Amino acid sequence: MKITLSEYAGFCPGVRRADNEVRSLIKNRKCGERVFTLGHLIHNGIYNKTLEENGVRSIALGELEEILQKYSGERITLAVRTHGITLDEENELLRIKSKNPDFEFVDLTCPYVKKIQQIAMECDSENDFFIIFGDPNHPEVKGIVSRARCKSAVVTSVHEAENLNLLGKIPILCSQTTQNLYEFEKIKKVYKKLYTNTKIFDTICSVTEKRQKEAVSLAKRSDMMVVIGGKESSNTHKLFDLCSAVCPKTKLIESVLELGDIPSGVNNIGISAGASTPDVIILEVFKTMENFIEMLEGSLKTLHTGDTVTGTVYTIGENEIKLDLGVKFTGVLAKEQITDDPNAKLSEMFKIGDEVEVFVIRVEDTKGVATVSKKRVDADNSWVVLRDAFEAKETLEGKVVSAIKGGVLVSVSGNTVFVPASQSGVAKDGDLSVLVGTTQKIKLLEFDPQRKKALGSIKAILNEERKAKEAAIWAGLEVGQHYVGTVKNLTNYGAFVDIGGVDGMVHNSELSWKRIKHPSQVVSVGQQLDVYIKELDAEKNRISLGYKTQDMDAWYKFTQEHSEGEIVSAKIVSLMPFGAFAEVAEDVDGLIHISRISSQRINSPADVLKVGDVVDVMITEIDNDNRKLALSIRAITDAAEKAAAEEARAAEKAAREAEEAAEAERLAQERADMAPYIVGSI
């Protein structure tokens, strides 16, 4: 029997992004900070219950004011669900945020959904008709339709799409991100035939498309198909419908508890899961089915005297326990084959589900039982290494041989040590199989040679190594030191940067000279930054890092290169009743007041300017304290007119002086001409 798990089963990128962000909020929240989600973050009951257990409660928008009043003075963060919200709900959140400085909301709407919302908002012509293929009651669809600025309709089938009267309109067709790809293709074909002016946007999520195609292909090759997902999940139900159409033995389950038995005649089983199904649930279903098959196939195996096998306790009596040996024989383990203590109570030594390694003494085919001994195995196993290490609190080293439910098994000097998932060093709900085959250092937390139990911790060693490394690093830290660090995590208020074994925080105000809403506007996880230590708090293990420099400041660079009275080129970026804002350099704007636009009186800047115009302006004032520029177009024309007037006056003066010189020369000539006559008369 073969089990095949779909490659695209489970969280899509949008859901994983939302999950990571909420986990980050939970991890980094401070004392007195509360986190809520607006509606269920994703459509999966088990996941949402886990969030509640971590203190993240789902609320309706109408509850927000009451919560803010109840927790007045405490920081409240609200995560907007992946399906998005309506435009009215978004505006209401902005209104509430403007009145509550301690309130912040994080929009975790899937980027694919955001794309459709933008398409809807751009449908603003009276001839446009916005159509979306989807569930009219789904929050994603409601949020998208609320943003359409023209007539709109939601269709759930090809029949409904055909019956819309769109004569004289321009149909604009989209789909809900998780809808049936094959049904949407039919609708597209109809509209291309009926309306040649149709604008079609393929908005089914690419991951959803791949998941559906792969699931259908897998279902065709399988005798049985299992689809895992929340009962409220639209994309999970679409997946189930598609698989059912090609594989009649398709089962929809939310968790392993609903799996049930595998029907007879099934040789190939396919597993797929909706976009909101956590990996841990998928893995649990897969492992459970895998174990069932192993047990089924194990029942066909035989057993021989002298074998050493592992059985699972399923019955505990006063004088014997019975074991499931994974074969057609039941293992009978008598009390005298367990311990020499006549007062020992088997019910205290074992519990149902315990795994016990035993030696096969005798096999009785006719009765279907095997007499086994634990004492024989215990005698063969050496626990000296574990005992000495436990007593001396020494570090052991072993190889991880397998990942089982709840943890991993580590082989140490021929003995098996169980390391719980919480002590594995792998993040909660992470994939423990990544440890299999690796060599790990462990410390024993518990040691019981009588019950053949050793409980170890990888995490304890990692913590000790991390603390030692951090202590060494802290000893060398000084304010002003520069590091090339790596961005590890982003929060609403800044970025955490690894500077070589310890993390420091670069606040948003240090990331950019401009005001930013989120550090992702400037940096991304994995990016390297040249940072320096601004403040150190050794008691609280806090490091404040600086990042921005004057060389990064567009304002500083501009004001160093330009001065008042200088003429520069500027691009008009916005028009206001009182003037126009113009960009003189990247991230540097200045105001051209309406009175400084033209020497002629104008009613509005739009009378002579439009956005995108490139004009010459004079810098009339640089206000470094407030980082403001005053610009003028009129000052250039005034200066030109003044220069022209002065030139005219100078020309007039020169002409007058030339005329006076000519007159003086003429008079002098006349006197010279009259001189002989004047002398003669005397």
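For the ranges 314-324, 127-137, what's the packing order if you count other beta-carbon atoms within 10 Å of each residue, average per peptide, and put the highest first?
On the way: 314-324: 15.9, 127-137: 20.0.
Put in order of decreasing packing, that is 127-137, 314-324.
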Could you calculate the contour length gain from GLU394 to ILE352, that is, 0.36 nm times the residue separation minus the distance between their Cα atoms, to one decimal place in nm?
11.9 nm
Search the structure for amide H atoms under 5 Å from the amide H of GLY579, placed 1.01 Å from N in the peptide plane, and list their residues when 5 or more places away or on another chain.
ILE594
If R₀ is 45 angstrom, what is the calculated FRET efficiency for the pair ASN165 and SER255, using the beta carbon separation as r and rounding to 0.05?
0.45
If I model a spin label at GLN600 and GLU446 as a point 7 Å from the Cα along the Cα→Cβ vector, what separation in nanometres do I get?
9.1
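Going by average Cβ density within 10 Å per residue, which order do the peptides 477-490, 196-209 take, highest to lowest?
Numbers: 477-490: 14.5, 196-209: 16.8.
Most protected by this proxy first, the peptides run 196-209, 477-490.
Based on the mean of other beta carbon atoms within 10 Å per residue, what is the order of 536-544, 165-173, most packed first? All intermediate terms of the calculation are to be shown ahead of the outcome.
Values: 536-544: 12.4, 165-173: 15.7.
Final packing ranking: 165-173, 536-544.
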Can you tell me how much longer the chain between ASP429 and TYR493 gets when fully stretched, taken as 0.36 nm per residue apart minus their C-alpha distance, in nm with one decimal?
20.3 nm
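Pop the C-beta distance of SER422 and VAL614 into the FRET formula with R0 = 56 Å and round what comes out to the nearest 0.05. Write out the running numbers ahead of the final one.
Working: r = 63 Å, r/R0 = 1.13.
Given R0 = 56 Å and the Cβ-Cβ separation, E is 0.35.
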To check my understanding: the extent here is largest minus smallest coordinate of the Cα atoms along each principal axis. What are those three numbers for the chain, in Å, largest first?
176, 75, 48
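For CYS31, what charge total do you get from the other residues with a beta carbon under 15 Å from its beta carbon, if Lys and Arg give +1 and Asp and Glu give -1? The partial results should precede the final answer.
On the way: positive: LYS27, ARG29, LYS30, ARG34, ARG75, LYS540, ARG542; negative: GLU33, GLU74, ASP102.
Surrounding charge for CYS31 is +4.
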Quick check: net charge around GLY476, other residues with Cβ under 14 Å of its Cβ, Lys/Arg +1 and Asp/Glu -1?
-1
Under a crude label model (7 Å from the Cα following the beta-carbon direction), how far is TYR556 from THR439 in nanometres?
5.1
Label ALA472 and THR486 with points 7 Å out from Cα along Cα→Cβ: what is the distance between them in nm?
1.8
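Can you figure out the FRET efficiency of GLU122 with MET576, using R₀ = 22 Å and their beta-carbon distance, to the nearest 0.05? Please report the intermediate quantities before stating the final value.
Numbers: r = 25 Å, r/R0 = 1.12.
Rounded to the nearest 0.05, the efficiency is 0.35.
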For ASP613, the residues 5 or more places away or on another chain with a placed amide H closer than 5 Å to its own amide H are ILE572
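Read-outs throughout are calculated quantities, based only on the coordinates presented, and are distinct from any laboratory measurement. Since the model is a prediction, treat every value here as computed from it, not as a measurement. Here Cβ is always computed from backbone atoms with ideal geometry, including for glycine, and neighbour counts include all displayed protein chains.
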